[in-house]
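Here the structure comes first, spelled out in structure tokens, and everything after it is commentary.
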Amino acid sequence: MRKLVQIGRINLRFECQPGCTNCCSQPGEVYLTPDDANRVAGYLGLSTDEFRSRCCEIEDGDLRLAGPTDGPCRFVEDGGCSIHDVKPLQCRAFPFWPENVRGRRAWGNLRRHCPGIGVGPLVPMEKVRADAQACLDAFPDL
């Protein structure tokens, strides 16, 4: 049975700030869907198998980018994300991850490393729900 994302009763303002790569520089993992792996591989001119062997690892059955989990993403550069045009679902959906939109405290805590939180216009709840649900559907056990 499909789990539905829970969103708190909060107004969410967010706007990416020019030149910011803070979300790409935080410790953690970047999990990939099979579609993410295919898109990124093609963008890099690699076969999916080549991309997976060079750039990925599997942990508990989940595909993720290999590389530092305690520092910047392997694809972040001075000018931003080198794979921005095909970035993974997890990256596209940020900051609207299920754990971030459950309530005011979680959303507010993002301000520590994301200068776009609380800035700009209200984000339509349909977008927030769609992004958060896409992440929950793709990665239900995370």
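The values are calculated or read from the model by the stated rules, or taken from the named source; none is laboratory data. Note that the structure is predicted; figures quoted are calculated from it, not measured. Glycine gets a Cβ as well: all are built from the backbone with ideal geometry, and neighbour counts include every protein chain shown. For accessibility, only protein heavy atoms count, side chains too; no ligands or nucleic acids. Shrake-Rupley method; radii C 1.70, N 1.55, O 1.52, S 1.80 Å.
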If I filter the range 53-67 down to residues being over 17 Å from LYS87 (Cβ atoms) and touching a strand residue (DSSP E or B) at 6+ places or on another chain (Cβ under 7 Å), which single residue comes out as most open to solvent (accessible area, probe 1.4 Å)?
GLU57
How many residues of the range 91-134 are open to solvent by 30 Å² or more (accessible area, probe 1.4 Å) and more than 22 Å from SER25 (Cβ to Cβ)? The answer is 12
Apart from one, (1) open to solvent by less than 70 Å² (accessible area, probe 1.4 Å); (2) part of a loop (DSSP other than H, G, I, E, B); (3) over 14 Å from VAL86 (Cβ atoms) all hold for LEU4; the odd one out is (1)
Do we have ASP70 as out of contact with any Lys or Arg (no Cβ under 9 Å at 6 or more places or on another chain), loosely packed, with under 12 Cβ neighbours inside 10 Å and either within 15 Å of LEU89 (Cβ to Cβ) or not basic (Lys, Arg) (or both) here?
yes
Can you tell me how many residues within the range 59-69 are over 22 Å from CYS24 (Cβ atoms) and at pLDDT 95 or above?
0
Here's a check for you: in the range 76-90, which residue that is under 21 Å from ASN38 (Cβ atoms) and open to solvent by less than 20 Å² (accessible area, probe 1.4 Å) is nearest to the chain's Cα centre (by Cα)?
PRO88
Of the residues in the range 20-49, how many are over 24 Å from PRO140 (Cβ atoms) and open to solvent by 70 Å² or more (accessible area, probe 1.4 Å)?
2
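Does at least one position in the range 48-55 carry a residue that is at pLDDT 95 or above and of a type in the set (Ser, Thr, Tyr)? Can you show your working first?
We begin by selecting, within the range 48-55, every residue at pLDDT 95 or above; these are 48-55.
Applying the additional criterion that residues be of a type in the set (Ser, Thr, Tyr) yields 48, 53.
Yes, the range 48-55 contains at least one residue that is at pLDDT 95 or above and of a type in the set (Ser, Thr, Tyr).
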